[in-house]
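Remarks on the structure that follows.
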Amino acid sequence: MLKTAFRSHSCNDLTSEEDSQEVKLVGWVDRRRDHGGLIFIDLRDRYGITQIVTDPELSGAAHAVLEKVRPEWVLQIIGKVRQRPAGQENAKMATGEIEILVNEVKILNEAETPPFEISEENDENEEIRLKFRYLDLRRKRMQKNIVLRHQVLQATRKYFYDQDFVEIETPILIKGTPEGAREYIVPSRVHAGKFYVLPQSPQQLKQLSMVAGFDRYMQIARCFRDEDQRGDRQPEFTQMDLEMSFVDAEDVMAINEAALISITKEVRPDAKIKATPFPRFTYDEAMNQFGKDAPDIRYELEIVDISEECKDCGFGIFAGTVEKGGVVKVLKVAGGAKFSRKDIEALEDAAKIYGAKGLAWVKILELDKNKKMDGGIISNNFSYQGVPAEKLGEQLTREIAEKCEAKANDILLFAADDWETACTSLGAVRIAAAEKLELLKGKENEFAFCWVTDFPMFSQNKETGEIGAVHHPFTRPKNLKEFDKLVGAKADLSAVTSVKAEAYDVILNGYEIGGGSIRIHERDLQKKIFDVLKVSDEDAERRFGHILKAFSYGAPPHGGIAWGLDRLAMIFAGEPNIREVIAFPKTNRAEDLMLGAPDLIPDAQLKEANIQSVVKPKGEES
Ligand code: ASP
C-alpha cells in the first residue's frame, strides 16, 4: 500500500475500474503538452506514469497552475479518474485506459531545467550522467536496473538464509589481506603513524568465522581494491561472500549452482539456462578449447591443437615453435572464408593484444571448375588459400582441416607460440570472430553458466621469476602428496607451478562471476605455502600471525566462494557495463563526479590524522 498523507495511489495503479473515483497522486512532470486549451501532463513516479488533464472550463485555478509547470517539477494532483475518450487509450501503459481530470494542483517543488532529458535517453556522455547521477537515476532504465539489483540481493540473501547461512558483518577497517591487489589505506588518528587498510575481501574474517564455529557464513560485502581501473572495474564493489565448514569442493559448488539457478529463475524468469548441471572444464581444458579461463560457451568455435602434426612439417615457424617447447593451435571459424583482409586484420589485432606476433590463416573454398582460383593448394574439391597451406603442403593441410572438421567457406586461424600466448591470443580471436559473425544474435536471454576447476596453484612472474599465488595464499593444493614432493625437492621452485589448486570459478556468458576454493586449515601447511611464496617467518607472523594462531585452536576443514554481484546484476540487466547497475559508481579513474571525490581536505584535518602530504594535487602545485 502506497497510501500516505500525500497520495492515495501510485502513478501506475489506476485503471477503468477506478472510474469516477477521487484520487490524490504525486510525482514529477515527465512531459507537458498544451493542446489548444487542454493541458496534458504525464505525471511520473517510481512505479509508472499517469496522464493528467485540465480543462479550463471545469477547473480554472488548477489549469492556471499547470500552465506554468515545467519538466521535473514535483506536483500533487487531486482529481477524478475518467475513461480516456475512445481511440485515445494507450495499451502499452498500465494506466493507459484512464486519465485524471484535475481539480486541484499543489506545486510541491519547482525544478531547474535538467542538464539532460529524463523522459528520453539521448546518448549524452557518461560524465554528465555521473555528475547528475540523481537525475540519471530517475530514468526508467536506471530505475529498472537498480530495482533488479535489489531483487538479485534479496533473492541471494533469501536463498542462503533458507539454507541456514548466517550473515555476519565483518569490519571495514582491518589489517591487510592478500588478494593480489593494492590496498586502500586509512590513517589512524589514535595510533599515530599506524594504518588500517580497507578489505580487498573479507577472506580472513570469513575463515576466522569458521574457526569460530559458524559453519555457514554469507555476507553481501563491500570490497576495496586500489588498482588502475581496467575495463569497467570499480575501486569498490560488492560480493556475495560465502564460507562453509566440513565441506569439499563438490559441496560448495553444488550449493552455489543451486543458488544461481534459483536466483536466475526468480529474477529473470524469461531467461533460458543453457545447460544444467553446469558444464565443467578444468583450467587446462578451458584454455585449450576456448583460449580463456572464463569461456563463453553460448557459441561453439573451439580451438584445436595441431602441435603433433606440425612437429616435422616443412613450415619453419610452426615446426620451430614446437621444437622450442611451444604449441601450434588452430581455430576454425565456420563461414569465415568470407572475411575480408580488413576483417582478418581486426582479428589479428585482437591476437596481438595477447602477445601473438601475427595471425596466419587458410581459407577453404569450394573448387569451382569454371572459376579460376588464384593460387592455393588444391585437394579434392577444395582450394586451400593462404601461406600456411602452401608451406604445409596438400596432405598436411587436408589432415589439419579434417581434424578441425572444416568445410568449404570456413577459415582456419593459426597461432604458434608458447602455450599461454597461443591459447589466449586465439581466445581473443574467437571472441572477435563471434562478434563479427553476430553469433550471439538472438541469444540475449540465454544464460550459459559453467565451472572451471583445477587452476594452477602458483604462477611464476616471467620477468622476476617470483612465485605468486594464483587465487590467494589460503587456497589448498589439490594433491597434497604431489605438493609435498615438489616443495620438498626445493631444487627448482618453478616446478611448483604444476601444482593444481582446489579452486573453482563459476562463469556466466564469458564472465567470471565467482571464484573460491577449499582452504588450508592446518598451520603447518599454511606455513609451507608461505615458504613457497617467500614470505619469511617474521613477515608471516607480522601479517598473518592472527590466522596462523587461530589455526592452532581447532580450525575445521572449510572452503568458500565469492560472487561479483555487480557483474551478475549487469548480466541479469542485459547491460554492457557494471556502472549501469551501481547507483553511485566511480569513473574508471576512481572518481565520484557527483560528490567530487577524491578531494582535498583541510590541513587541520590532515594534521589530526597525522598525515603530511608529500605531493601537491594537480592544479595546486606552486
Ligand atoms: N576472497 C576471494 C575473492 O575475493 C573469494 C574466495 O576465495 O572466497 O576473490
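Would a scan of the range 242-249 turn up a residue that is of a type outside the set (A, V, I, L, M), more than 13 Å from the ligand (Cβ to nearest atom) and surrounded by fewer than 19 Cβ atoms within 10 Å (Cβ to Cβ)?
yes
The residue that is nearest to L137 (Cα to Cα), counting only those in the range 50-62 that are in contact with a Leu (Cβ under 7 Å, 6 or more places away or on another chain) and crowded, with 21+ Cβ neighbours inside 10 Å, is T50. Once the range 566-612 is narrowed to residues that are free of Cβ contacts under 8 Å to residues at least 12 places away in the same chain and among the aliphatic types (A, V, I, L, M), the residue that is surrounded by the fewest Cβ atoms within 10 Å (Cβ to Cβ) is A604. Of all residues in the range 248-273, those that are in contact (Cβ under 8 Å) with a residue 60 or more places away in the chain have Cβ atoms under 9 Å from Cβ atoms of residues that are open to solvent by 70 Å² or more (accessible area, probe 1.4 Å) and in a strand (DSSP E or B), 6 or more apart or on another chain, in M253/R280.
Residues considered: A434, A415. Of these, the only one that is crowded, with 19+ Cβ neighbours inside 10 Å and more than 16 Å from the ligand (Cβ to nearest atom) is A415. The residues of the range 219-264 that are polar (S, T, N, Q), in a strand (DSSP E or B) and either over 22 Å from E522 (Cβ atoms) or under 16 Å from the mean Cα position of the chain (by Cα) (or both), listed by number, are Q219, T238, Q239. When the residues of the range 85-140 are narrowed to those that are in a helix (DSSP H, G or I) and of a type in the set (D, E), which ends up surrounded by the fewest Cβ atoms within 10 Å (Cβ to Cβ)? Among those residues, the one meeting the criterion is E127. A Cβ distance below 7 Å, combined with a sequence gap of six or more or placement on separate chains, defines the contacts here; from the range 515-541, residues that are open to solvent by less than 40 Å² (accessible area, probe 1.4 Å) reach residues that are among the basic types (K, R) in the pairs S517/R476; I518/R476; R519/R476; I520/R476; A540/K527.
When Q143 is tested against the conditions (1) within 30 Å of M240 (Cα to Cα); (2) of a type in the set (S, T, N, Q); (3) loosely packed, with under 14 Cβ neighbours inside 10 Å, the lone failure is (3).
E512 - would you say it is touching a helix residue (DSSP H, G or I) at 6+ places or on another chain (Cβ under 6 Å), within 16 Å of the ligand (Cβ to nearest atom) and closer than 30 Å to A275 by Cβ? No, not satisfied.
A Cβ distance below 7 Å, combined with a sequence gap of six or more or placement on separate chains, defines the contacts here; from the range 158-179, residues that are of a type in the set (K, R) reach no residue that is away from the ligand (no atom under 15 Å from the Cβ) and at pLDDT below 95.
Across the range 453-475, the qualifying residues are those that are within 14 Å of the ligand (Cβ to nearest atom) and assigned to a strand (DSSP E or B), and the one among them that is farthest from A259 (Cα to Cα) is A469. Checking the range 477-495 against the condition returns a match, with at least one residue being within 16 Å of the ligand (Cβ to nearest atom) and either in contact (Cβ under 8 Å) with a residue 12 or more places away in the chain or touching a Cys at 6+ places or on another chain (Cβ under 8 Å) (or both).
Based on what the data block shows, is R298 among the basic types (K, R), more than 16 Å from the ligand (Cβ to nearest atom) and touching a strand residue (DSSP E or B) at 6+ places or on another chain (Cβ under 8 Å)?
Yes; evaluated as a whole, the condition is true for this residue.
Taking the conditions exactly as written (closer than 30 Å to L260 by Cβ, within 14 Å of the ligand (Cβ to nearest atom), of a type in the set (V, I, T) and in contact with a strand residue (DSSP E or B) (Cβ under 7 Å, 6 or more places away or on another chain)), does I518 satisfy them or not? Explain how you work it out, then say what you get.
Values: closer than 30 Å to L260 by Cβ: yes; within 14 Å of the ligand (Cβ to nearest atom): yes; of a type in the set (V, I, T): yes; in contact with a strand residue (DSSP E or B) (Cβ under 7 Å, 6 or more places away or on another chain): yes.
For I518, the condition - closer than 30 Å to L260 by Cβ, within 14 Å of the ligand (Cβ to nearest atom), of a type in the set (V, I, T) and in contact with a strand residue (DSSP E or B) (Cβ under 7 Å, 6 or more places away or on another chain) - is met.
Evaluated against (1) within 26 Å of A259 (Cβ to Cβ); (2) open to solvent by 70 Å² or more (accessible area, probe 1.4 Å); (3) assigned to a helix (DSSP H, G or I), E169 falls short on exactly one condition, (3). The condition of being open to solvent by less than 30 Å² (accessible area, probe 1.4 Å), of a type in the set (G, A, S) and away from the ligand (no atom under 12 Å from the Cβ) holds for only one of A275, A259, A192, that being A259.
Yes/no per residue for (1) under 26 Å from N145 (Cβ atoms); (2) of a type outside the set (A, V, I, L, M, F, W, C); (3) in a loop (DSSP other than H, G, I, E, B); (4) within 45 Å of the chain's Cα centre (by Cα):
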{"site": "H9", "(1), (2), (3), (4)": "yes, yes, yes, yes"}
{"site": "N12", "(1), (2), (3), (4)": "yes, yes, yes, yes"}
{"site": "V26", "(1), (2), (3), (4)": "yes, no, no, yes"}
{"site": "R32", "(1), (2), (3), (4)": "no, yes, no, yes"}
{"site": "T50", "(1), (2), (3), (4)": "yes, yes, no, yes"}
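Of all the numbered requirements in (1) modelled with pLDDT of 95 or more; (2) closer than 22 Å to R280 by Cα, F458 misses one, and that requirement is (1).
Answer with yes or no whether K342 is closer than 15 Å to L426 by Cβ and not in a loop (DSSP other than H, G, I, E, B). Considered against the rule, which asks whether it is closer than 15 Å to L426 by Cβ and not in a loop (DSSP other than H, G, I, E, B), K342 comes out as no. Quick check: is even one residue across the range 195-218 in a strand (DSSP E or B), surrounded by fewer than 21 Cβ atoms within 10 Å (Cβ to Cβ), within 12 Å of the ligand (Cβ to nearest atom) and without any contact (Cβ under 8 Å) to a residue 60 or more places away in the chain? No, the range 195-218 contains no residue that is in a strand (DSSP E or B), surrounded by fewer than 21 Cβ atoms within 10 Å (Cβ to Cβ), within 12 Å of the ligand (Cβ to nearest atom) and without any contact (Cβ under 8 Å) to a residue 60 or more places away in the chain.
The values are calculated or read from the model by the stated rules, or taken from the named source; none is laboratory data. Predicted model, so just to flag it, every value in this text is computed and none were measured. Note that each Cβ is placed from the backbone with ideal geometry, even for glycine, and that neighbours are counted across all protein chains shown. To get the accessible areas, we keep the full protein, side chains included, count just its heavy atoms, and leave off ligands, DNA and RNA. Shrake-Rupley method; radii C 1.70, N 1.55, O 1.52, S 1.80 Å.
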